[in-house]
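Read through the structure below, which is laid out as structure tokens, and then see the notes.
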Ligand code: DGY
């Protein structure tokens, strides 16, 4: 493996920009050339951060395009469909039947679920990186109410006990789709196979079955969509019928980080922060009281449907450092956990940081999507979080290893975390020329220049 010193930063940034240019559609940037032909919610946010360093028009377009699909109830969908490629991806727009909802927009085709709400902190990056602050301020004025409306949606429709912890109702909403964290709740989903609407997967045309979720997963993904359709996308009805209702620490940490960003941005545009501050304090308190696990040094998930804790073995439970949710002592425990075998591997199974799932678990799979591989966005959030708590070397290691993986294997969607496997030809999986790997690489290297 090349050492960090041998990386040609300029060449890497040039290639990253070329990837974003190649995935640009005229209105937004696809997450990947073929596998993901539409606009995806949190991808758009990470992509905008990359653009904000050199192409402000496009950074703004990402958010504008995404929020053009915002529902009346405030939800920002996981996918805004690109009509040109609708049938190159499954589930296509008509499969979602979002016309059943009173809230879905009439002039945009979208899916009927959401994703981790990165947009508050993305807006802050756009403002901070802008050279033309007047223009950036206008953009903040334009986007702030839309993002705030999305936060209202979460606290009003996804927090049934007013705990400040919002739930996800589909594994795709977590962003970590097939993480073993969801295995137990997914196993409990029982349904009559004959009654799942007929469908044909398209992801396997452009992705390797060994690296993608299984048909078992897809049957459950589709069954859940069918429930939403039958409930006409009414959130109260869905909450009653949906077997998958989970408070995820990654999702809630991202919401907190965006609350905080909105609170800071509000002072620039004279917006009231009382509601945001209340939500935010409650979310942090509940993350620490309900989801923190002092025995294992990680934030767990909570299954509201079964009223039970899901012990976390995924990197999602470490990410709350990014929103400064843990105190110093908890942050030290998180670092100990990150450095233990359950993320850093053992002598015979040395890993790149940070595997998305515990490499010593029987459920770990180094090639399969969110069941083990390293993801650049997770490393980026961990890097910033650890830096905040003063774990400078570890933060630096996360950044360097991300750059090394990209430099050596290419701008893949995810990477095998196991080091030095003899005869391994490939370390990067999923789609190549993956947009957020490119965008966050640009941000990492910008950071290099600023440091
Ligand atoms: C996919 O199609 O695999 C996406 O991750 C869903 O958001």
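Using the rule -39500 (n - 2.57) for each DSSP H run of four or more residues, divided by the residues of the chain, the 222 nm mean residue ellipticity is -14500 deg cm²/dmol. Taking only the C-alpha atoms of the range 31-110, the Rg (one decimal) and the largest Cα-Cα distance, Dmax (whole number), read 13.0, 41 Å. Shown here are the Rg and Dmax of the Cα trace of the range 316-414, at 12.9, 37 Å.
Taking other C-beta atoms within 10 Å as the exposure proxy, 97, 401 rank 97, 401 from fewest upward. Ranking of 195, 133, 108 by neighbouring Cβ atoms within 10 Å, starting from the fewest: 195, 133, 108. Based on alpha-carbon centroids, what's the gap between the range 241-307 and the range 121-162 in Å, whole number please? Their Cα centres are 16 Å away from one another. Counting beta carbons within 10 Å around each of 226, 270, 303 and listing the fewest first gives the order 270, 226, 303. Alpha-carbon geometry of the range 60-151: the Rg and the Dmax are 14.5, 44 Å, given in that order. Dividing the convex hull volume of the alpha-carbon atoms in the chain by its residue count gives 137 Å³ per residue. Using a simple spin-label model with pseudo-atoms 7 Å out from Cα toward Cβ, residue 296 and residue 34 lie 3.8 nm apart.
Read the figures in this text as sums done on the coordinates, not as results from a lab. Just so we're clear, the structure is a prediction, and the values are computed from it rather than from any experiment. Note that each Cβ is placed from the backbone with ideal geometry, even for glycine, and that neighbours are counted across all protein chains shown.
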